[in-house]
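Student: Dumping the structure here so I can ask a few things about it.
The values are calculated or read from the model by the stated rules, or taken from the named source; none is laboratory data. Keep in mind that this is a model prediction, so the values were computed, not measured. All Cβ positions, even for glycine, are placed from backbone atoms using ideal geometry, and neighbour counts span all protein chains on display.
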Amino acid sequence: MAKRSPSIDRAVRIELLRARAAIERESLAQSIASAGRKLEPASLIKGLLPGLASSNASRWALQAIGLARRYPLVSSSLSAMFMRGGKRFRLLKVAAGALVGWQLWKTWQEARDDGDKDSR
């Protein structure tokens, strides 16, 4: 059996370490991409509220988030308007809260009814 030279052993060891590093980098990149997909608003909604994820509520929420990102001045103006005092603005806050609550209740009822139909 022929004896291998130390320089060949070292070169093989270096190549093995490079291959291992490349595999670990690829695994890290895949893990980061997977975490990014899990942290998208649609995935978070599906995880937190699975009954509402299939209905219009998730699409409505995603559109609202998209509009807030696209037009930050509008969302900033709306939040400033709601933070101001006065009777008219308090009434507007209550009306907006009631509208959001009503939409959530309606969406929950639809999701529950769809769930009852699927179980039959």
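Student: Report whether or not LEU104 is surrounded by 13 or more Cβ atoms within 10 Å (Cβ to Cβ), at pLDDT 80 or above, touching a helix residue (DSSP H, G or I) at 6+ places or on another chain (Cβ under 8 Å) and part of a helix (DSSP H, G or I).
Tutor: yes
Student: Could you please let me know if ARG18 is more than 30 Å from LEU104 (Cβ to Cβ), basic (Lys, Arg) and at pLDDT 75 or above?
Tutor: For ARG18, the condition - more than 30 Å from LEU104 (Cβ to Cβ), basic (Lys, Arg) and at pLDDT 75 or above - is met.
Student: Is at least one residue of region 78-94 part of a helix (DSSP H, G or I), more than 15 Å from the chain's Cα centre (by Cα), among the aromatic types (Phe, Trp, Tyr) and at pLDDT 75 or above?
Tutor: Among the residues of region 78-94, not one is part of a helix (DSSP H, G or I), more than 15 Å from the chain's Cα centre (by Cα), among the aromatic types (Phe, Trp, Tyr) and at pLDDT 75 or above, which makes the answer no.
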